[in-house]
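Chemist: Take this structure, written in structure tokens, and hold onto it; I'll ask about it next.
The values are calculated or read from the model by the stated rules, or taken from the named source; none is laboratory data. None of the values given here were measured: they were computed from a predicted structure. Please note that ligands, DNA and RNA were not included when accessible areas were found on the heavy atoms of the full protein model with its side chains. Shrake-Rupley method; radii C 1.70, N 1.55, O 1.52, S 1.80 Å.
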Amino acid sequence: MAAVTRLIPGRSVLFVCDVQTRFRTFVHGFDHVVATGTKMFKLAKVLDLPVIVTEQNPRALGSTVPELDTSPLGSLFLGAYEKTAFSMAIPPVMELLQKHDLKSVILFGIESHVCVLQSALDLLERGYDVHVLADGISSTRKEEVPIAVERMRRAGAQITTSESAAFELQADANKPNFKFFSRIIKEEGESTTKALEGLVSSYSKL
């Protein structure tokens with residue numbers, strides 16, 4: 001029987017891959033990626049989920065979009081790191097994973113076939129569980145996405161959605177935070193539908 005890879009409450013982390021201002025007009029469904037990110041940031045506070053952000057050459061590509069405001073996260077925000085590598089698995093990030101004993105990485109951002117893919121492959125190679133949010137990744141050309149998704153899946157990544165991942169971390173409706181959790185899920189319902197239609201549906205039939 002194949003091993004089951006689950007998100008681990010208390011040992012999971014949200015990776016935000018290069019959702020930067022210069023990509024806004026070039027990446028397919030960029031606003032949907034951002035919307036999924038803002039939802040995940042809200043849920044991170046309720047689920048006690050730490051967040052790590054990277055920025056690819058921000059001097060040329062700009063900083064992380066202002067919609068992804070990390071200030072409300074408080075101590076859950078573990079930092080934003082500049083990089084030139086096409087992978088989030090850079091030394092300071094890997095040190096954080098070890099320091100906080102984090103095992104499961106929830107990954108979203110851009111571009112699917114470059115930085116998201118290489119991040120997933122590097123993390124898997126190092127023994128981390130990788131859960132890629134299908135409604136939170138995209139590329140300049142949407143045709144690149146399903147190829148990248150298939151490669152990540154074959155390498156061992158779990159392809160999931162923001163809502164599925166959130167419920168997996170929540171695990172139980174009897175927890176005291178469920179009222180706040182369910183409120184966010186309901187408030188973000190329309191944007192979740194639009195992200196699924198705009199991102200996942202655009203390649204699922206290719």
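Chemist: What part of the accessible area of the stretch 100-181, given as a whole %, is carbon or sulfur when the probe is 1.4 angstrom? Intermediate values should be presented prior to the final figure.
Modeler: Working: 1690 of 3510 Å².
Reported share for carbon and sulfur atoms: 48 percent.
Chemist: So what are the ³J(HN,Hα) numbers for the stretch 181-196, from phi and the Karplus equation (6.51, -1.76, 1.60; θ = phi - 60°), rounded to whole Hz, Gly and Pro as x?
Modeler: For the stretch 181-196, the Karplus curve yields 4, 5, 5, 5, 4, 5, 4, 8, x, 5, 5, 5, 4, 5, 5, 5 Hz.
Chemist: Nearest 5 percent is fine: what portion of the DSSP beta bridges confined to the stretch 12-201 is antiparallel?
Modeler: 5
Chemist: Set the bar at 21 Å for Cα to Cα. Now go through 45/142; 45/175; 45/103; 39/179 and name every pair that lies beyond it.
Modeler: 45/142
Chemist: Note the listed values (1) -0.42, -1.37; (2) -0.56, -1.06; (3) -0.37, -1.17, then indicate which one is log10 I(q)/I(0) by the Debye sum over Cα atoms at q = 0.10, 0.17 Å⁻¹ calculated from this particular structure.
Modeler: Comparing each candidate, only (3) matches the computed number.
Chemist: Keeping every protein chain present and rolling a 1.4 Å probe, give me the accessible area per residue for the stretch 12-201 in Å².
Modeler: Roughly 44 Å² per residue, with all protein chains present.
Chemist: Full-extension gain between residue 183 and residue 150, please, as 0.36 nm times their residue separation minus the C-alpha to C-alpha distance.
Modeler: So the extension gain works out to 8.6 nm.
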